[in-house]
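Structure first, then comments.
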Amino acid sequence: MTVIEEAQSLFSVTTQSGSEYTVDLREPACTCPDFEYRESVSECKHIRRVRIEVGQVDVETLETELIEAADNLESNAAELETQAQELTDTAHELRDALDRIVEVAR
């Protein structure tokens, strides 16, 4: 992404695909669809990029946070995999029990 300061706290951000958005760090606000249409978004990637450019974000701190987030995702994925296997095992047990009930009912 290319960041150009147009005025104090107002930046033009051009993406690799050529899309151009305006970022206002006073709000913060961005003209990208992600920021404009998703209520849960308080900071899009364009705002983060401008913050990094102007030194409002410590890149080392950001790297540490990203590593922690990745570690948490891996941990959560492992837990979900374990839970999925437990559910699969339970489903097989229930299927076997149902088959036995059907045999007894005949």
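The values are calculated or read from the model by the stated rules, or taken from the named source; none is laboratory data. Keep in mind it's a predicted model, so treat the numbers as computed, not measured. Note that each Cβ is placed from the backbone with ideal geometry, even for glycine, and that neighbours are counted across all protein chains shown.
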For the chain, please list each of the strands (runs of 3 or more DSSP E) lying entirely inside it that holds at least 2 residues being of a type in the set (Ser, Thr, Tyr), on the phi < 0 side of the Ramachandran plot and surrounded by 12 or more Cβ atoms within 10 Å (Cβ to Cβ). 10-14, 20-24
Gln56 being out of contact with any strand residue (DSSP E or B) (no Cβ under 7 Å at 6 or more places or on another chain) and at pLDDT 95 or above: no
